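Read through the structure below, which is laid out as structure tokens, and then see the notes.
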Amino acid sequence: PSGRICSIYGTGRIITTSGDGEVVKAQFNKLKTVLQTKYGSSNDYDTLSSSSIYTGTTDWMTAVQKNERNFVSFWSSSSKAVIPTGVSEIYIVVSAFDSTRGRVSVYYRTANYESCTKERDTLPRTGL
């Protein structure tokens with residue numbers, strides 16, 4: 001929209017892991033450590049829906065896949081994080097394809113994200 005960038009998104013390779021997500025969590029934590037070195041302390045969340053039936057240790061990946069577990073760390077301009085000018089949020093998240101395959105992704109949202117996406121949503125869907 002108007003030549004502006006709303007966000008930048010990067011995703012890692014598909015990671016094979018066990019149902020407890022051990023390998024994907026290890027990759028997540030490696031990236032988190034790198035980002036903490038650059039941006040400072042993160043806000044971390046590992047939450048499971050109270051209505052989830054996927055409560056066992058080996059159900060971790062399935063809960064992520066079913067969107068019943070969130071495993072995320074983020075840095076924001078409104079916290080004590082030291083993030084680049086023009087960026088409002090940085091966050092990393094685990095996603096799962098099934099109980100043994102997942103990946104880690106990173107998102108950078110620009111300070112104009114809300115207005116940018118509103119403008120983008122009004123544009124005609126042409127091109128690709």
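The values are calculated or read from the model by the stated rules, or taken from the named source; none is laboratory data. Treat the numbers as computed from the prediction; the structure is a model and nothing was measured. Note: ideal-geometry Cβ built from the backbone for every residue, glycine included; neighbour counts use all protein chains shown. The protein model used for the area step is the full one, side chains on, heavy atoms only, and it has no ligands, DNA or RNA in it. Shrake-Rupley method; radii C 1.70, N 1.55, O 1.52, S 1.80 Å.
Numerical summary
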item	result
Whole-Hz couplings from phi, Karplus 6.51/-1.76/1.60, listed for region 4-15; x for Gly and Pro	8, 9, 8, 6, 10, 10, x, 10, x, 5, 6, 10
Of ILE14, ILE90, ILE53, the one that fluctuates the most in a GNM where the chain has Cα springs shorter than 10 Å	ILE53
With DNA, RNA and ligands ignored, accessible area of LYS38 (1.4 Å probe; Å², nearest 10)	150
Residue of ARG103, ARG69, ARG13 that the Gaussian network model of the chain assigns the largest fluctuation, springs spanning Cα pairs under 10 Å	ARG13
Of [x] 141; [y] 226; [z] 106, the label for volume of the Cα convex hull per residue in Å³ derived from the coordinates	[x]
Mean separation of Cα contacts under 8 Å (6+ apart) over length of region 43-128, as relative contact order %	23
Local electrostatic count at TYR113 - Lys and Arg +1, Asp and Glu -1, tallied over other residues with Cβ under 15 Å	0
Portion, in percent, of the accessible area of region 1-75 that falls on carbon or sulfur, probe 1.4 Å	50
Within the chain, helix-based [θ] at 222 nm, where runs of 4 or more DSSP H residues each add -39,500 (n - 2.57), nearest 500	-8000 deg cm²/dmol
Top of GLY12, GLY56, GLY40 by mean-square fluctuation, Gaussian network on the chain, Cα under 10 Å	GLY56
Under 13 Å, Cβ to Cβ, from SER49 - net charge with Lys/Arg +1 and Asp/Glu -1	-1
Charge context of THR33, other residues only, Cβ under 14 angstrom, K/R +1, D/E -1	+3
Under Karplus coefficients 6.51, -1.76 and 1.60, residue-wise ³J(HN,Hα) of region 100-108 in Hz, glycine/proline x	10, 9, x, 7, 10, 10, 10, 10, 10
Residue-normalised accessible area of region 1-122, given per residue in Å² at a 1.4 Å probe	58
For LYS66, distant residues with modelled amide H under 5 Å away	none
Cα-based reach from LYS30 at 24 Å (exclusive), listing lysines while leaving out same-chain residues under 8 positions away	LYS38, LYS80
